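Undergrad: Just dropping this structure here.
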Amino acid sequence: MSAGTALRRKRPAKRATYRDVLDAPAHMVAEVVEGALHLQPRPASRHTLAGSSLGVAIGSPFLWGRGGPGGWWILDEPELQ
């Protein structure tokens, strides 16, 4: 198999849309990449706690400017469209 053949991706029969993301099961994270719907489980509680704890630690200096530059927006797992 040539390198070009190995890099080619099979296109989905039907291109996924934002409606597919909205219709995904609530316990899954859904995203559309190159027209294909990808589903993965939501992060575990420990992952969520770690992200929240990090947000608390860096929120004061970077968001609010208490001991740091302030003015940053730091979002946990934002929705991009």
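Undergrad: Which condition from (1) in contact with a helix residue (DSSP H, G or I) (Cβ under 6 Å, 6 or more places away or on another chain); (2) surrounded by fewer than 12 Cβ atoms within 10 Å (Cβ to Cβ) is the one that Gly68 breaks?
TA: (2)
Undergrad: For segment 61-77: of the residues being out of contact with any Leu (no Cβ under 9 Å at 6 or more places or on another chain) and assigned to a loop (DSSP other than H, G, I, E, B), which is modelled with the lowest pLDDT?
TA: My answer is Glu77.
Undergrad: If you check Val29 against the conditions, is it in contact with an Asp or Glu (Cβ under 9 Å, 6 or more places away or on another chain), at pLDDT 90 or above and either assigned to a strand (DSSP E or B) or more than 20 Å from Glu79 (Cα to Cα) (or both)?
TA: Numbers: in contact with an Asp or Glu (Cβ under 9 Å, 6 or more places away or on another chain): yes; at pLDDT 90 or above: yes; either assigned to a strand (DSSP E or B) or more than 20 Å from Glu79 (Cα to Cα) (or both): yes.
So Val29 passes the test.
Undergrad: In this structure, does Ile58 turn out to be modelled with pLDDT under 90, aliphatic (A, V, I, L, M) and surrounded by 10 or more Cβ atoms within 10 Å (Cβ to Cβ)?
TA: no
The values are calculated or read from the model by the stated rules, or taken from the named source; none is laboratory data. Quantities reported herein were computed from a predicted structural model and do not represent experimental measurements. Every residue, glycine among them, receives a Cβ derived from its backbone with ideal geometry; neighbour counts consider all protein chains shown.
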